[in-house]
Amino acid sequence: MTPQSDEDEVWRQIVASFNDTAERDSADQPWPDSENVPAEPTRRVVKPSEELELDQDEPDRDDRDRDHDHDHDHDRDDDEDEGHFQPPPPPPLPKLDLPTKLAWVALFGGPAYLLVAAMASWQMEGWALFTAVAAFIGGFVALVVRMGDGPPNDSGWDDGAVL
């Protein structure tokens, strides 16, 4: 037999036994000792309320011990918040000039008028339909033209990799 025919025979056996059930249950299969993990008891941390802590304080403790406990509680709070990420506030949106605002209004206002008119079954005049479509197209063109394709003004002399 050639190596190719051996491989073909192995594939035929795999395909033939595809829908067969397993010979052994998975529960009967041996489990490697390296996979055994010791069972850890569940830990439950109960924090007493501040009122209970005040009642449990000993009257003969001096201020030094209380300051030490307070520092310890503060460190514990920092440890709890250590994994929590608080993103910085986002920068303010840029101020738009009047032509840009009008272009956005035209871009969304034209189709919005057509949608409202169609849903309300208004009889649309030819000039109103033309104005709405022209506003959409004009707003889109104005935004694309004003977009600019040059580098930003604050980029400096090194624009990085320019292709």
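The values are calculated or read from the model by the stated rules, or taken from the named source; none is laboratory data. Computed from a predicted structure; not experimentally measured. Counting neighbours? That spans all protein chains shown, and the Cβs are built from the backbone with ideal geometry, glycine included. In case anyone asks, the SASA skips ligands and DNA or RNA and just uses the protein heavy atoms, side chains included. Shrake-Rupley method; radii C 1.70, N 1.55, O 1.52, S 1.80 Å.
Numbers for the structure displayed
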| read-out | value |
| --- | --- |
| Ser17 accessible area, assembled protein chains, probe 1.4 Å, Å² | 60 |
| Glu40-Asn19 FRET efficiency (beta carbon distance; Förster radius 45 Å; 0.05 resolution) | 0.65 |
| Highest to lowest packing among 134-142, 5-13, 82-90, scored as the average C-beta count within 10 Å | 134-142, 5-13, 82-90 |
| Gyration tensor (alpha-carbon) shape descriptor, the range 80-129, a/c threshold 1.5 | oblate |
